[in-house]
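Everything on this sheet refers to the single structure shown next.
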Amino acid sequence: MLKPAILYRDKIFAKLLEYSYTDNMLFYMGCLGNELPKIEENSSGNVYQYAIIGEDNKQLIGYFAYSIDWYSSCVYNFGLFAFDRNNTTIGFDVYKELKKIINDYHIHRMEWRMIQGNPVEGHYDNYCKHYNGKKFVFTDFFKDRCGKYHNEVVYEIIFNFNRSESK
């Protein structure tokens, strides 16, 4: 279940800090940093941040965030971190929110990035393919602490709500 992240800010920070300097944080941040998200009481109206709560309605199992540029009708800057890796509730809750973004907000464009090798890459590929999106791979974009290069992947989906309505 998605709940406003502000209600769980301290727990989210504590959980994220447990993953400092790990590959999990590298995949979440897309860089070597360990910066915590800015979860503020007063949002600007274009940033959405959620705690993902387990079926027991008690356990924090993930964090999910995204931004919307209402002027260009673009959703971007996605952030997803699973604290309970094998919990399917995370995928279902995120999928429901994405459906809301598409069907209720009628977003024109969706984009997100990741470091290739992220364990969820297959899910992202399937989601992008489902909506006839595009996947771009930038070779040797990022070098980790051990000197290994990683590719960056950018996904883009264009929703043609306006075009189909005008026909």
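The values are calculated or read from the model by the stated rules, or taken from the named source; none is laboratory data. Just so it is clear, the structure is predicted and the values come from calculations on it, not from any experiment. Cβ placement follows ideal geometry from the backbone for every residue including glycine, while neighbour counts extend to all protein chains displayed.
Residues N57, N34: which one is surrounded by fewer than 17 Cβ atoms within 10 Å (Cβ to Cβ), over 17 Å from the mean Cα position of the chain (by Cα) and either under 21 Å from G91 (Cβ atoms) or modelled with pLDDT under 80 (or both)?
Of the residues listed, the single one that is surrounded by fewer than 17 Cβ atoms within 10 Å (Cβ to Cβ), over 17 Å from the mean Cα position of the chain (by Cα) and either under 21 Å from G91 (Cβ atoms) or modelled with pLDDT under 80 (or both) is N57.
Among the candidates I101, I107, which residue alone is closer than 28 Å to M1 by Cβ, of a type in the set (V, I, T) and touching a Ser or Thr at 6+ places or on another chain (Cβ under 6 Å)?
None of the other options fit; the residue is I107.
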